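Colleague: My questions all concern the structure below.
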Amino acid sequence: MTAPLLDVRDLHVEFRTREGVARAVNGVDLRLHPGETLAVLGESGCGKSVTAQAIMGILDTPPAHVTGGQVLYQGVDLLRLPENERRKVRANRIAMIFQDALSALNPVYTVGFQLAELFRVHRGTSRGDAKRRAVELLDMVHIPDAKRRVKDYPHQFSGGMRQRVMIAMALALDPEVLIADEPTTALDVTVQAQIMRLLAELQRERNMGLMLITHDMGVVADVADRIAVMYAGKVVEEAPVYDIYARPAHAYTKALLESIPRLDHKGRALNVIRGLPPALTDVPRGCAFHPRCAYAREICRQETPPAYQIAPQRIASCHFVREVLGV
Amino acid sequence: MSDLGELSRTAGKPRSLAGDAWLDLRTRKVFWIAAVLVVVVLVMAIWPSLFTSADPRDCLLARKNAGPTGGAIFGFDFQGCDVYAKTVFGARDSILVAVSATLISGVIGLLVGLAAGYFGGWLDALLSRFIDVMLGIPFLLAAIVLAQRLSSDPQSNGVLAVTVTLGVLGWTTAARVMRSAVLTSKNQDYVAAARMLGAGPGRLMFRHILPNSISPFIVVLTVLLGINIAGEATLSYLGVGLKGDAVSWGIAIAEAGPFVRTAAGPLVWPSVFLAATVLAFIMLGDAVRDAFDPKLR
Amino acid sequence: MFRFIVRRLLQMVVTFFGATFVVYALMFAYVDDPYQALVGDRPITDAQRAALDARFHLDDGFFQQYWHYIRGLLTGDLGETITGRSIGDLLAQAWPVTIRLALLSIVIAAVVAVGAGVLSGIRRGGAFDTVTLVLTLIVLAMPIVVLAPLAQLVLGIQLGWFPPTAGRDAGLYELLLPALVLGSLVIATELRVTRTSVAENLRADYVRTARAKGLAPKRVIGVHVLRNSLIPVITLIGVDIGVLMSGAIVTEGVFNIPGVGFNLFRGIRAEDGPLVVGFVSVLIIVFLVINLIVDLVYAALDPRIRYE
Ligand SMILES: Nc1ncnc2c1ncn2[C@@H]1O[C@H](COP(=O)(O)OP(=O)(O)O)[C@@H](O)[C@H]1O
Ligand code: SF4
Ligand SMILES: [Mg+2]
């Protein structure tokens, strides 16, 4: 396999607040290759968005502090770049779209202004050219009547159209990596499918690396190449999408899959994971999942499970990988 | 399709908003400073003789602009009155007027806000337009007109006139706040539940909606107390407020104005007391609002 | 936008009639002796009585009186004071200096409040923010009757930094101290609203987007945050005009500036009812018109209002 485009190693982020220190990200490892879609999956609050924002370098400090690790983009550690260098990476190299496009767009400027701004600031493009590029971008994401709609404000678009605007904005400067943080969570089901199709289409055309953050397993199956499952600020399992559905290697992943209501299980009680995810101010010792885990034994309470390489592209951090896999 | 978001639910036992707010208040320095100031001023208003044995109306021209002596620690003014005694006694009418005016405004605001928020429809439209009209008149201008008319009786000392003026004109913010608080709590589950159990409008309003809408209202009234103290002083200063045998910080400031070049004390001391009192109520309102509104912590 | 303007204009007309009616009612409704209500407790001559009748139609019913009064107001005929001077002339002489004073204090207040408010909002909890908060609290606690005489005493007389009084032809320098005093009445609230608004907007999602777009902090704040943050401050300015008008009555009195407030101040003290009603009515009209303009600016700044 080619060298990864984006290589996140042992990333740590904590929030220092009045209530204490919340360790939102506790040693995340992720790789993203060109043309690949990596789904990052996990219950809400497990640190997906914080990871993404740490990669972008747009966390608010304070309260957030990146306390360790590396974010390598084409071999360069972004965390060590001076801020003005790093700023050039954003939007040019790595771009991001957010869950709620209405609040993510500035309500008092036209979408045309917000698109053109990218060309004017990063490329020094003239006002007229930037306007023209903005129209092209709206065309690219299939917004009808783009010429007229660049003059509209975000609140004048429907939810799906707004997310298209966000996508256009993210792709304006041809980035190599797109991070999409729950891009369809706020949308209707039919619109969700359209947006996912658009993302997949644009990714194929441009051979981008797409990091798709979601807590919706249904979205993942169709589009992702690989999946990284997060729990309490860590990636606990990483695997090609087919393998994970067929044979999960981590007890948490398995529990997640069992919680999906399925047609062939009709009538049976839904198997929801008991208990709550840990508070990140107070992550349990050992394996963070042990209070909720059906496989947990004494060692899980004492020792953090190492990352086991169980197949060429499969990693799982669980003391009882074999048992979970059933081998 | 499974939504993992639904798996995580937040735990935690419910506590009452007021209880939470009090726990929060207790830890605030600002609250305690304000509370102590307010208590001191209140005591001063009720028992001025605890603070001074002198009579503020016992003035001797022979002592005109004299410096501090004995109990008269702030010296004497141009009429030879004890500035300290005048300042201490000035608290009484100020507080009396401000508290009564705030009560009047509170009752009007409460009723108007409750009615507009609860009944809605044309009543709400009418009351809201009326509030808009009231807000179309700068407060002091309306107060001057009304106070001038009410205080035209030469015999009165103006206490009633100023109280009515401030009370009748100052209820708009309170009403607005009450209205929007009622609108939010009206649609909450417990109100719907009470309604289904057959509670009538009166019971719904006063037993269920009011207790849960009251906190922003109280904050507004606290701040209004400060505004009314300033309002009384301003009207008295302009000559349409307290007069005759009334002793007031506003009157004292107005009287001392022309003589500042010879004696600053008679101007400075009532000013300081007035500002400190207003400050106390503003801080109290701020602290209470912050305690009730966890958003900006 | 056009519909917004029309609706807002209609609303202003309603408020105008409502507000003038309320003021008129405050003055005249249910008075035993309307003459005495106008002139206070001093004796009044027959000539004055006749003049009051001509002006206020005190022998008519209340609503007719209001009608005459409104007609006078709309045709620019404000009548005469108790002492027989034309209120219109008085106003015409008084306006220029008052407008200068008001503009100066609005500019001072806006510059200080927005500048300091943005800085405080960016570094909430920092040293600058803490100091500003304490200062605004102190300023908030000073009613105009405290602020104006004290400022005159300390800054004008004792320290001598500013001229302690200003006359009819006062220049900017003479008006600086009164303008500062007047401006402080609104600085504190404007500053606090700016600060809260900036702090809230900094946490908004669109700021995260702006940063993800690789924009420099200066542009994120100067272009994206500022415009959003100013919206609530603009609405506040409408209310503030009313505060400034009230404040000008005392301030112009203290600093001897023969403007609108000063005349009103003297009118109140002389119990000159016609003057007070006339001036107050004109001030209300000005207040309503300025609020209309503020609302239009507000709509221009916030497209969500414009297109609703
Ligand atoms: N602004 C913040 N202040 C304090 N803690 C935060 C903040 N933002 C996020 N966190 C912490 O980080 C954790 C992970 O958040 P996030 O990455 O947004 O979760 P998700 O996986 O749903 O995207 C949260 O559970 C919370 O404890
Ligand atoms: S390490 Fe232990 S507790 Fe953690 S998932 Fe594996 S079996 Fe469960
Ligand atoms: Mg998230």
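The values are calculated or read from the model by the stated rules, or taken from the named source; none is laboratory data. The shown structure was predicted, so the numbers you read here are calculated from the model rather than taken from an experiment. Positions of Cβ are generated from backbone atoms using ideal geometry, with glycine treated the same way; all protein chains shown enter the neighbour counts. To get the accessible areas, we keep the full protein, side chains included, count just its heavy atoms, and leave off ligands, DNA and RNA. Shrake-Rupley method; radii C 1.70, N 1.55, O 1.52, S 1.80 Å.
Colleague: Averaged over B:126-139, how many beta carbons belonging to a partner chain fall within 10 Å of each residue's beta carbon?
Modeller: So the per-residue partner count for this stretch is 6.
Colleague: Follow-up question, since we're still on this one. Return, for the Cα atoms of the range B:111-259, the radius of gyration and Dmax in Å, separated by a comma.
Modeller: 19.5, 69
Colleague: What is the P(r) of the protein assembly as shown, as percent of Cα-Cα pairs per 20 Å bin from 0?
Modeller: 12, 35, 30, 17, 5, 0
Colleague: Let me ask something else about it. Could you tell me the distance between the Cα centroids of the range C:99-116 and the range B:201-224, to the nearest Å?
Modeller: 37 Å
Colleague: Here's another thing I want to ask about it. Tell me which of B:A34, C:Y173, A:I244 sits at the most positive position along the dipole axis of the protein assembly as shown, charges placed on C-beta atoms (Lys, Arg +1; Asp, Glu -1).
Modeller: With unit charges placed on the Cβ atoms, the residue in question is A:I244.
Colleague: At 1.4 Å probe radius, can you tell me the per residue accessible area of the range A:170-249 in Å²? Let's see the in-between values first.
Modeller: Numbers: 2750 Å² over 80 residues.
That works out to 34 Å² per residue.
Colleague: On a 0 to 90 degree scale, rounded to 10, what angle separates helix C:172-202 from the longest Cα axis of chain C?
Modeller: Taking the Cα atoms of chain C, the angle to C:172-202 is about 50 degrees.
Colleague: Same structure again: Amide H to amide H under 5 Å from C:E80: which residues, 5+ apart in sequence or cross-chain, H placed 1.01 Å off N in plane?
Modeller: For C:E80, whose amide H was placed from the backbone, the distant partners under 5 Å are C:I87.
Colleague: Which angle between 0 and 90 degrees, to the nearest 10, do you get for helix C:46-56 versus the longest principal axis of chain C when only C-alpha atoms count?
Modeller: Here the helix axis deviates by roughly 50 degrees.
Colleague: To the nearest 100 Å², how much accessible surface do chains C and A hide from each other in total, with a 1.4 Å probe? Kindly include the intermediate steps, with their values, before the conclusion.
Modeller: Numbers: alone 16060 and 16190 Å², together 29920 Å².
For C against A, buried area totals roughly 2300 Å².
Colleague: In a solvent-free Debye calculation with one equal scatterer on each Cα, what is log10 I(q)/I(0) for chain A at q = 0.11 Å⁻¹, listed in the order of the q values?
Modeller: -0.74
Colleague: Once you have the alpha carbon radius of gyration of the range A:128-240, what is it after dividing by 2.2 N^0.38 Å, with N set to its residue count?
Modeller: On the way: Rg = 15.4 Å, N = 113, 2.2 N^0.38 = 13.3 Å.
That works out to 1.16 for the range A:128-240.
Colleague: Another question, then. Any chance you could check the range A:31-53 for residues losing 10 Å² or more of accessible area when the partner protein chains are in, compared with the chain on its own (1.4 Å probe)?
Modeller: Those residues are A:E43, A:S44, A:Q53.
Colleague: For peptide C:248-257, how many partner chain Cβ atoms fall within 10 Å of a residue's Cβ, on average?
Modeller: Numbers: counts 1, 7, 5, 0, 0, 4, 4, 0, 0, 0.
Per residue, the average neighbour count from other chains is 2.
Colleague: What number in nm² do you get for chain C if you take the convex hull of its Cα atoms and divide its surface by four? Intermediate results must be reported in sequence, preceding the final value.
Modeller: Working: hull surface 78.0 nm².
Its Cα hull, projected and averaged over all orientations, spans 19.5 nm².
Colleague: Which shape class, rounded, prolate or oblate, goes with the range A:162-228 when its Cα gyration tensor gives a ≥ b ≥ c as root eigenvalues, a/c under 1.5 marks rounded, and past that a/b bigger than b/c marks prolate?
Modeller: Details: a/c = 1.73, a/b = 1.20, b/c = 1.45.
Since a/c reaches 1.5 but b/c is at least a/b, the shape of the range A:162-228 is classed as oblate.
Colleague: What does the buried accessible surface come to for B and A, summed over both chains, with the probe at 1.4 Å? Round to 100 Å².
Modeller: Numbers: alone 16120 and 16190 Å², together 31190 Å².
Summing both sides, the interface buries roughly 1100 Å².
Colleague: Could you tell me what percent of the DSSP beta bridges with both partners in the protein assembly as shown are antiparallel, to the nearest 5?
Modeller: Working: 35 of 54 bridges.
DSSP beta bridges in the protein assembly as shown are roughly 65 percent antiparallel.
Colleague: Would you work out which of B:A256, C:L202, C:F262 lies farthest towards the positive end of the dipole of the protein assembly as shown, given +1 charges on the beta-carbon of Lys and Arg and -1 on that of Asp and Glu, about the Cα centre?
Modeller: Of the candidates, C:L202 comes out farthest on the positive side.
Colleague: Summing both sides, how much accessible area is buried between B and C? Use a 1.4 Å probe and give Å² to the nearest 100.
Modeller: Values: alone 16120 and 16060 Å², together 28260 Å².
The contact between C and B buries close to 3900 Å².
Colleague: Given 10 Å bins starting at zero, what is the percent of C-alpha pairs of the range C:176-242 in each, up to the one with the largest pair distance?
Modeller: Percent of pairs per bin, in order: 20, 40, 24, 13, 2.
Colleague: Shifting gears a bit: Name the residues of the range C:143-179, by number, that are at least 20 Å² less accessible with every protein chain in place than in the isolated chain; the surface is that of heavy atoms, probe 1.4 Å, without ligands or nucleic acids.
Modeller: Buried by the other chains: C:P143, C:V145, C:V146, C:P149, C:L150, C:L153, C:I157.
Colleague: Can you work out ³J(HN,Hα) from phi for every residue in the range A:100-114, in order, using Karplus 6.51 cos²θ - 1.76 cosθ + 1.60 and θ = phi - 60°, giving whole Hz and x for Gly and Pro?
Modeller: My calculation for the range A:100-114 gives 9, 5, 5, 7, 7, 9, 6, x, 9, 10, 5, 5, x, 4, 5 Hz in order.
Colleague: Follow-up question, since we're still on this one. Quickly rank A:277-284, A:248-255 as a protection proxy: mean count of other C-beta atoms within 10 Å, highest first. List each step's numbers first, then the result.
Modeller: Numbers: A:277-284: 16.6, A:248-255: 25.6.
Highest-to-lowest ranking by the protection proxy: A:248-255, A:277-284.
Colleague: Just to compare against my own numbers: the Cα pair-distance distribution for the range A:1-129, 5 Å bins, whole % per bin, please.
Modeller: Going out from 0 Å in 5 Å bins, the range A:1-129 shows 2, 8, 16, 19, 19, 16, 12, 6, 2, 0, 0 percent.
Colleague: Round to a whole number: what % of the accessible area of chain A belongs to carbon and sulfur, probe 1.4 Å?
Modeller: Working: 7290 of 14520 Å².
About 50 percent, which is the carbon plus sulfur part of the accessible surface.
Colleague: Could you sort the peptides B:83-96, B:227-240, A:210-223 by per-residue average Cβ neighbour count (10 Å cutoff), highest mean leading? Write down the numbers at each step before the final one.
Modeller: Details: B:83-96: 24.6, B:227-240: 27.4, A:210-223: 20.4.
Highest-to-lowest ranking by the protection proxy: B:227-240, B:83-96, A:210-223.
Colleague: Magnitude of the Cβ-charge dipole of chain C, K/R +1 and D/E -1, about the Cα centre, nearest 20 debye? Can you show the working numbers first?
Modeller: Working: 25 positive and 23 negative charges, 412 e Å.
The dipole magnitude comes to about 1980 debye.
Colleague: Express in whole angstrom the spacing between the alpha-carbon centres of the range C:184-247 and the range C:279-303.
Modeller: Computed from Cα coordinates, the inter-centre distance equals 20 Å.
Colleague: Helix-derived [θ] at 222 nm for the protein assembly as shown: sum -39500 (n - 2.57) over DSSP H runs of at least 4, divide by residue count, nearest 500? List each step's numbers first, then the result.
Modeller: On the way: 37 runs with 525 residues, N = 932.
My calculation for the protein assembly as shown gives -18000 deg cm²/dmol from helical runs alone.
Colleague: Here's something else I'd like to know. Within a 10 angstrom radius of each residue's Cβ in A:213-225, how many Cβ atoms of other chains show up on average? Whole number is fine. Show your work: numbers first, answer last.
Modeller: Numbers: counts 0, 1, 7, 5, 4, 3, 1, 0, 1, 0, 0, 0, 0.
Mean number of neighbouring Cβ atoms from other chains: 2.
Colleague: Among A:S126, C:I234, A:P291, flag the residue with its Cα farthest along the positive direction of the charge dipole of the protein assembly as shown, charges on Cβ as +1 for Lys/Arg and -1 for Asp/Glu.
Modeller: Value computed over the given set: A:P291.
Colleague: Moving on. Report, to the nearest whole %, how much of the accessible area of the range B:16-296 belongs to carbon and sulfur atoms, 1.4 Å probe, protein only.
Modeller: Working: 8140 of 12090 Å².
Taking all protein chains in place, the range B:16-296 shows 67 percent carbon and sulfur surface.
Colleague: To continue, here is another question. Mind checking the dipole of chain A: about its Cα centre, +1 per Lys or Arg Cβ, -1 per Asp or Glu Cβ, Debye to the nearest 20?
Modeller: On the way: 41 positive and 37 negative charges, 86 e Å.
Using Cβ point charges on Lys, Arg, Asp and Glu, chain A gives about 420 debye.
Colleague: If Rh is defined by the Kirkwood formula over all Cα pairs and Rg also comes from Cα, what ratio Rg/Rh do you get for the range B:16-296? Walk me through the intermediate numbers first.
Modeller: On the way: Rg = 21.8 Å, Rh = 20.6 Å.
A ratio of 1.06.
Colleague: Looking at chain A only, what percent of DSSP beta bridges run antiparallel? Nearest 5 please. Can you show the working numbers first?
Modeller: Values: 31 of 50 bridges.
If we restrict to bridges inside chain A, about 60 percent are antiparallel.
Colleague: Accessible area per residue for the range C:171-255 in Å², computed with a 1.4 Å probe and the full protein assembly in place, what is it?
Modeller: Values: 2520 Å² over 85 residues.
Accessible area per residue: 30 Å².
Colleague: Let me ask something additional. In square angstrom, what is the accessible area per residue of the range A:11-81 with a 1.4 angstrom probe?
Modeller: Details: 2710 Å² over 71 residues.
That works out to 38 Å² for each residue.
Colleague: Take the residue pairs B:K29/B:K186; A:K48/C:K213; A:K131/C:K213; A:K48/A:K151; B:K86/B:K243; A:K88/C:K218 and return only those whose Cα atoms are more than 24 Å apart.
Modeller: Details: B:K29/B:K186 35 Å; A:K48/C:K213 20 Å; A:K131/C:K213 17 Å; A:K48/A:K151 34 Å; B:K86/B:K243 14 Å; A:K88/C:K218 15 Å.
In this structure, B:K29/B:K186; A:K48/A:K151 exceed 24 Å between Cα atoms.
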